[in-house]
1. If we scan the range B:149-165, do we find a residue that is more than 9 Å from chain A (Cβ to nearest Cβ), more than 22 Å from the chain's Cα centre (by Cα) and modelled with pLDDT under 95?
2. For residues in the range B:46-72 being more than 8 Å from chain A (Cβ to nearest Cβ) and out of contact with any helix residue (DSSP H, G or I) (no Cβ under 8 Å at 6 or more places or on another chain), which is farthest from residue B:245 (Cα to Cα)?
3. Go through the range B:327-352 residue by residue and tally those that are within 22 Å of residue B:22 (Cα to Cα) and surrounded by fewer than 23 Cβ atoms within 10 Å (Cβ to Cβ).
4. Of the conditions (1) at pLDDT 95 or above; (2) touching a helix residue (DSSP H, G or I) at 6+ places or on another chain (Cβ under 8 Å); (3) facing chain A (nearest Cβ under 7 Å), residue B:277 fails just one. Which one is it?
5. How many of the residues making up the range A:100-121 are at the interface with chain B (Cβ under 10 Å from one of its Cβ atoms) and part of a loop (DSSP other than H, G, I, E, B)?
6. Return the residues of the range B:169-187 that are modelled with pLDDT under 95 and either assigned to a helix (DSSP H, G or I) or buried (at least 22 other Cβ atoms within 10 Å of the Cβ) (or both); say none if nothing qualifies.
7. If you scan the range A:11-28, which residues turn out to be over 41 Å from the mean Cα position of the chain (by Cα) and either more than 8 Å from chain B (Cβ to nearest Cβ) or surrounded by fewer than 14 Cβ atoms within 10 Å (Cβ to Cβ) (or both)?
8. Using beta carbons and a limit of 8 Å, which pairs, at least six apart or on different chains, have the first residue in the range A:16-45 and farther than 20 Å from residue B:313 by Cβ and the second one loosely packed, with under 14 Cβ neighbours inside 10 Å?
């Protein structure tokens, strides 16, 4: 408590001789929304185009996801209980589990979890603590597949900020995990700690 | 350092620059140039008037600083409402003790650390290690800094001064596999090794890029996902936050995030942007049960009360160092503080407090070209602040800051005596006939002239011109001039 009061007193003393305090500027947060290179017919079209531009994989419909899983010859992974039936219907050969064991992270080739929303402007997927369970299943496997309802694609980041709600952990995911630490090569190195392949399937 | 001997009067930054190996200089130059160009492209492509956004963000930050007392108290109560414990640390030592105390009270031994420049300021890792704790850096660059016992040379890309061959040798030495300098292999090895560390850890420590006073949300951006992992596996989350990190409202975040990502790495958004509003959700199995936030002062209030308050707007994007011609030549270690580049040239000496003279040379390590101000996402007038600090160094008679500057004493004496001035001007013509090698009497002159040639001396014609021109009528000089003066 001593430090708290000391710091706040120092702040007040430091501000005391400010002749004119800058007012909070009136502005429309839409000024931070980027312009797009051309018109898109729907939010899904824009989202998919943007997501591809950051090396993400947008898919439309369960069948598209089935094709993706088969093409990659995937065998074993985690799936949120809500989607196991739908996955089994489009890709019967998969061995999927509804249990994620944190002591066996590398066994899971993929994790299928829910997304709470998406931002079309930037091709971003929105994960929340309440919807995306468990945290590690959306993070540790090489491939993360987020399942999204098409109505939950929001136009831009100011809209997404308004939907933060009361969830204690909202994560905006824009493409696969990357690093620029090795010789400043940002685009080439993916899958540093998080997924090397980021998929979003809109259903 | 041979160049120290050769030029005992040179500024430390110059010495670092000349001692830098060509390969390091090339790494730094190429990476910083690449990022500067990509930043400009991204901003011009995406916004009609990117400058307007920079100025707006600057005004919001300035407003926050000018009302910091109100916003700090608001942030504290929002954080408490979110279920986080709030701690206050007036200096580095106090912050480290608070963090150690949290670990001890919760029977913690192991920490995974996400990138945090503030923790570099407090030297948290060595402190925890001394007290029997394990603390592992998880950002790839910071991890390499840690195993090499090195220091970050850039605030966004800490190992900008290393190339892949050096990294591969470090990994080989640490037993992470045989030498392989393929960046993908390097990254995979770090991924595998650090996973076990995340799972063993009891505590995940992060910084904060922003804190919304309105909602108490801590905003964190990473490209690698290490901050996510640090908050998915361990049971306790500690965020160490400088008191200047606040923004008033959630609505302000889209502006700041759009500027931060583009300024730092030319991305529209950083890959992972996390909004942390407390410990994990009741339905969630992974993630921290407890969240602690430590607000750190460490002389920020001193900066706030001085005439360089605007430097506290900084959102640590690194754009000013990427664009700086001095940083590109000298690299980050030349700045001898946690924050390199133009922002560091202002902030590092200020954060030294009474030891300001130790870094008082940094404000002089700038050509005042203004590029740092032009790229700053919060429009900090860095050159203006550098001038204020130069002035301070002069008033405090800091010898380090004056090093390499020829004494003005002789000039002052000549300029205040017309006779001496006249003689000096006529003598100046001798410079055109005497070989310049003979003039290298003092070290500053030698250092200056080692890379420059004097132009022919054409001075001394002013008085002659004065005499020959028409006398003024009613004090107004006649427009009928016979000749223009040379100087």
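1. Taking every residue of the range B:149-165 in turn, at least one turns out to be more than 9 Å from chain A (Cβ to nearest Cβ), more than 22 Å from the chain's Cα centre (by Cα) and modelled with pLDDT under 95.
2. B:49
3. Qualifying residue count for the region: 4.
4. Only one criterion is unmet by residue B:277, namely (2).
5. Residues flagged as at the interface with chain B (Cβ under 10 Å from one of its Cβ atoms) and part of a loop (DSSP other than H, G, I, E, B) within the range A:100-121 amount to 2.
6. Residues satisfying the conditions are B:183, B:184, B:185, B:186, B:187.
7. Pass one, the range A:11-28, residues over 41 Å from the mean Cα position of the chain (by Cα): A:13, A:16-20.
Result: A:13, A:16, A:17, A:19, A:20.
8. A:35/B:48
The values are calculated or read from the model by the stated rules, or taken from the named source; none is laboratory data. Quick caveat, the model's predicted, so the values are computed rather than measured. Glycine also receives a Cβ, built like all others from the backbone with ideal geometry; neighbour counts cover every protein chain displayed.
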